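Take a look at the structure below.
The values are calculated or read from the model by the stated rules, or taken from the named source; none is laboratory data. If you're wondering where the values come from, they're calculated on a predicted model, not measured in any experiment. So basically every Cβ, Gly included, is an ideal-geometry build from the backbone, and we count neighbours across all protein chains shown. Each accessible area value is taken on the protein alone, full model and side chains, heavy atoms only, with ligands, DNA and RNA left out. Shrake-Rupley method; radii C 1.70, N 1.55, O 1.52, S 1.80 Å.
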Amino acid sequence: IFGLKPTTGRIPYHPGSAMLSCSALGPMVRTVGDAALMMDVAAKSDARDWFGISAPAPSHRDGLEIGARGLRIAYSPTLFGAHPNAEIAAAVARVAKFYDKLGAQVSDVGDFLKSPRKPYETFYVANLARLFRLMTDEQKSIVDPGFRAFAEDGLRVSLADYQDSIMAQIAFGAEVQQALVDYDLILSPQLILTAFEAGVEVPAGRGMTRWFDWAPYTYPFNYSNHPAASVPCGFDSSGMPMSFQLV
């Protein structure tokens, strides 16, 4: 399926998320056209969401047939220093060549931007800890073990560290914004691997400890509030779907 995370506040919602400004609502649909149609319906102003964008958006269906000619695309298979598996890397390389054939200006920018993982993880666990504190003892007894582990880490975050994570968010958002002065889009893999077994946070035997390890391309743009799309680009040798990300 095609998934779109719009600019934070483009689709308003209430009540707000535990992740504050790092959350956004968006469509997960079969086609880009369906996503545009859903955005036209959902991207309205609502005074209950103070992150909401009050200025009306033009129709998201306008320009769908224009194509990619002239777009400046920063192609970064190792965005934030991440390394996808070989099949995903090959699939996204084919996507970059496809955009080039469509007339886009594709530049291989290599290891592009610095990962904000450390401050984002602080921000993430501290906000989960707040949600955990609001639960009843009965609710706490049945929450997902991974959630509990994150929340307990968050309970140890100091106010100073949390404030630092907010300032890091501002700095990182500005860094991405500056990078987009020279490019219209950033193209990368969407994940470093394909789907693994349900019910676990990380796949066994891969040396991973947290979901951040297998999703290094995505959460940074929650942190920076930039819109990002997940686009299918084929299947690996075991039949699992692969996708690329456009920011």
Region 9-33, subset crowded, with 18+ Cβ neighbours inside 10 Å and among the aliphatic types (A, V, I, L, M), residue farthest from Arg61 (Cα to Cα): Ala24
Considering only region 81-100, I want to know if a residue exists there that is under 25 Å from Ala179 (Cα atoms), open to solvent by 30 Å² or more (accessible area, probe 1.4 Å), in contact with a Leu (Cβ under 8 Å, 6 or more places away or on another chain) and modelled with pLDDT of 95 or more. yes
Those residues that are closer than 25 Å to Phe172 by Cβ and of a type outside the set (A, V, I, L, M), I need them from region 120-145; list them, please. Tyr120, Glu121, Thr122, Phe123, Tyr124, Asn127, Arg130
Scan region 151-181 for residues that are touching a residue at least 40 places away in the same chain (Cβ under 8 Å) and open to solvent by less than 60 Å² (accessible area, probe 1.4 Å) and jot them down. Tyr162, Ser165, Ile166, Ala168, Gln169, Phe172, Gly173, Val176, Ala179, Leu180
Considering every residue within region 57-70, establish whether at least one is assigned to a loop (DSSP other than H, G, I, E, B), under 30 Å from Ala129 (Cα atoms) and either of a type in the set (Val, Ile, Thr) or open to solvent by less than 50 Å² (accessible area, probe 1.4 Å) (or both). no
Since Pro203 meets every condition but one in (1) of a type outside the set (A, V, I, L, M, F, W, C); (2) part of a loop (DSSP other than H, G, I, E, B); (3) open to solvent by 60 Å² or more (accessible area, probe 1.4 Å), which condition does it not meet? (3)
With the requirement that a residue be hydrophobic (A, V, I, L, M, F, W, C) and either more than 17 Å from Ala86 (Cα to Cα) or in contact with a Cys (Cβ under 8 Å, 6 or more places away or on another chain) (or both), what does region 193-207 give you? Ala198, Val200, Val202, Ala204
When you go through Gly110, Gly146 one by one, which is the residue that is more than 19 Å from Ala229 (Cβ to Cβ), open to solvent by less than 40 Å² (accessible area, probe 1.4 Å) and either outside any helix (DSSP H, G or I) or not small (Gly, Ala, Ser) (or both)? Gly110
